[in-house]
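Okay, structure first, notes after.
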Amino acid sequence: MQPAWQLSAAEALAAFGADDTHGLTATEAALRQERFGPNDLQESGQETRWQRFLKQFRDPLVSLLFIAIAISLLAWLLEGARGLPVDAVVIAAIVVLNAVLGYVQENKAADAVAALAKMSAATSTVLRDGQKARVPSSELVPGDILLLEEGDAVGADARLLEATNLRIQEASLTGESEAVDKDLAAIGGVDPDAAPPPLGDRSNCVFKGTGVVEGVGRAVVTATGMRTEMGAIATLLESTAQEDSPLKREIRRISRWLGIVVVTIAVVVMVVLALVSDLQNPSDWVAILVLGVSLAVAAVPEGLPAILSLVLAIGVQALARRNAVMKDLHSVETLGAASVICSDKTGTLTRNEMTLRRIVTASGTVTLSGSGYDPTEGEAAASSNGADIAEAAIAEAEATVFIGAVANNAQLDRGEAGWQILGDPTEAAFLVAWPKFDSKRGMPGERIAEVPFNSTRKRMSVVHLGRLYTKGAPDVLLELCTEERVGTSIRPLTEARRAEISRAITDLSAEGMRTLATAYKEVPETEAEFTEADERELCFMGVVGIIDPPREEAKEAIAQAHRAGIRTVMITGDHPVTAASIASQLGISGEAGRVLTGAEVDALSPEARKAAAHEVDVYARVAPEHKLRLVDALQRDGNIVAMTGDGVNDAPALKSADIGVAMGITGTEVSKEAARMILADDNYATIVSAVKRGRVVFDNIQKFLRYLLSSNMGEVCTVFFGVLLAGIIGLKHPDSAGVVLPLLATQVLWINLVTDSGPALAIGLDPAVDGVMERKPRRLDDHVIDRAMWERVIFIGLVMGAVTLLTIDMFLPGGLIEGGDSLEVARTAGFTTLVMAQLFNVFNSRSADQSAFTHLFTNRWLWASVVLGVVLQIAVVHVPFMQVAFGTAALDLQHWIIAVAMASIVLWAEELVKLFRRIKHS
């Protein structure tokens, strides 16, 4: 088959068995999906579940444990290989259990990411069974008829069949920043042996991964998946390294630094043990080596990255359930730090149920009743008392709405759930209003040409039955009109009438209405091509007022954001008076209600623009390029900016913002691809709710970091000071020979296994605490682990080490406190004390300031993890085969009471510190 660019439109349709008017049937599309596969790019480096499991054993710390296993086996062989190599078996079992836990956590995080990717997947408009349908782009197949309009992301490679002012941004494939003009002509005369023309010169084709900047088109899909031009360079795209988030970089830095410190401590412990112990046989040397290795492994929270990813994934899934779909797990960290939310008005701060309420024409004003998208509800009524004038006003209003319904790309359908729209809600308002004048009248027929809308022109025109109909911003259309319609007559549009129309526009805007105007002129029916130049000398028809009431929940969300130190900046293309009215109703603060227009922003110097960004909260008549300048000004003022957008031209601002937020309902595919978050309900309140969830997730990350680091510090302090102070606390061998350890290597690893993953993950699921939206936003350069947290980690670690060693001393003969138990019993009591102390520390770690007894029972997962830890500790102390494996001895009730009481000192000590802190800051 010839390349698609060499085929004519008819040849392309024939080659791919396509029907230009009806598209594929659902059955045929399903068969082709089976044949060609999904329209997705394959990831060459995609990790399988088996590879993910094996990856758990590639951690350097796990390699240390394998060395410990080898050392234990060597000692067992040197001593005659009598019985089972218990230490080696136990360490191996712990390695496997840790790997399983890490695998499960990574699997859940990966599944969450896959689910989020599916939720934010691109969609395309196609003809299926003769009807327009929106389908996931992954379901496109060769032969599909692809319908393109401004803002769409091209879902597959396709040969154009129709194109009207169609321009495609192909920078992702060609690197060219300028959009490419498209046409239908086949490219012939190419030498078959020569290289094909570059992508940028294939003007009759569109390609997967590019975006429609302007115009409309229709194309037949010629290639999908890896057979597309994007698929041909997929390997290059996959090799692009993704920059880690600040949080991820800091966690990696902390882990590396902590690893160096702990390995150094482990080496010091081994050297001190070798110097102070009377080493009798090889097993003593093995015990020292294995303990050092185990200490290094246990002290570094190697499961931290997996827990971090899982907590982020769970947080992002919670956001998705609240209609905020994050495309990147680590973006939730940035979201919680947002200090300014720049929001579009329509649909985000308002309900986006656009209802055409008022029509102002030369003869008077007509009001339409009814609301929502049901065209059968409501009727037209003129404000005039005179019958003749009222009749003329109704006729003019009907003609005004008719033009808006013809110059229109929206679609109104009645489904099982009622009347629904496909397309822009403002355009749909005309389709809903049109039948209210005469319910028996059908919808306008198809037009023969179109000059499409874009944000620069602020108007669109179509040709229908010998007339050019134009709909757009009233001020723009007034400049293009020389006449106006009055009843059935045409008269010149005077300056006095222009002033009257402008006042009417201002009055409608003052009521919070969005205004649009319509106009027309006669054109030759034989003329096939129309351009922007034809939109001149028009006849003005009328102005409509479309109401979109503010969302009730938006007003409360704005107030909540204000209490949280977050500014709300409203951005709209509407009239300044409309913007001011809606802003006032919503309680958006500003400098004496000041509103800046896009033109006024253009006139400002960079310094003045920065000052305005600091003060002004309402911007009207704003084009997409103004959003980009506003983002830049706010960021230079030190803000973390969330910016909403829905149009193709919003993409630069969405990418530039710290958090780009695309509209899920009205947003274009290009805006969704550029954004980090997609609002499934286009609701401002959802953004504020997402910021709150982002703050909760970040708080929980700090909580489990506080817990993991302080608990692991307790293990280090216990072993380190237990070796240094062995003589003082009576920690010696009964025969006064050999190595005596405060904790065995297997016990250290057991503590790591029981107390790290479960409780840390449970803390990561902690619900929001009071006041999370009552504090100012944090800065992105604020450290997740600051000096205060390090001080608290060291303090808790020292307390844990102290209570553990005192418990051991309490039960050993000699030392500071006289006891009478064996070394095994005393060590088991200390071992139990340390485990219980870490479980008490779970409750300490839920807040840096609040008492552990605040909201004590709000996290059931936390209690479940603590109960499980206690049960496992009882088992390791009293189950015979576990006693052999972990070197424990049974404890009586008195031992347990003392161990738990000593462990609780960790809780009471931290409670005192928090109390002093609260008193100090009160």
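The values are calculated or read from the model by the stated rules, or taken from the named source; none is laboratory data. Because the structure is predicted, anything quoted here is derived from the model rather than measured. Positions of Cβ are backbone-derived with ideal geometry, glycine not excepted, and every protein chain shown enters the neighbour counts.
Okay, here's what the table says:
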item: Close pairs (7 angstrom Cβ cut-off, 6 or more residues apart or separate chains): within 22 Å of residue 839 (Cβ to Cβ) in the stretch 908-921, among the aliphatic types (A, V, I, L, M) anywhere; result: 909/799; 910/796; 911/852
item: Within the stretch 817-844, considering residues that are among the hydrophobic types (A, V, I, L, M, F, W, C) and over 19 Å from residue 747 (Cα atoms), the one surrounded by the fewest Cβ atoms within 10 Å (Cβ to Cβ); result: 817
item: Residues of the stretch 133-153 that turn out to be in a strand (DSSP E or B) and touching an Asp or Glu at 6+ places or on another chain (Cβ under 7 Å), as a count; result: 2
item: Given (1) in a helix (DSSP H, G or I); (2) exposed (fewer than 15 other Cβ atoms within 10 Å of the Cβ), number of the condition residue 853 does not satisfy; result: (1)
item: Qualifying residues in the stretch 867-922 (those that are more than 22 Å from residue 748 (Cα to Cα) and of a type in the set (Phe, Trp, Tyr)) - the one modelled with the lowest pLDDT; result: 916
item: Number of the condition not met by residue 463 [criteria: (1) within 42 Å of the chain's Cα centre (by Cα); (2) closer than 18 Å to residue 215 by Cβ]; result: (1)
item: Residue within the stretch 290-306 that is modelled with pLDDT of 75 or more, surrounded by fewer than 24 Cβ atoms within 10 Å (Cβ to Cβ) and in a helix (DSSP H, G or I) present; result: no
item: For residue 261: the one exception among (1) in a loop (DSSP other than H, G, I, E, B); (2) farther than 25 Å from residue 141 by Cβ; (3) of a type outside the set (Lys, Arg); (4) modelled with pLDDT of 75 or more; result: (1)
item: Residue within the stretch 739-760 that is crowded, with 21+ Cβ neighbours inside 10 Å, among the charged types (D, E, K, R) and part of a helix (DSSP H, G or I) present; result: no
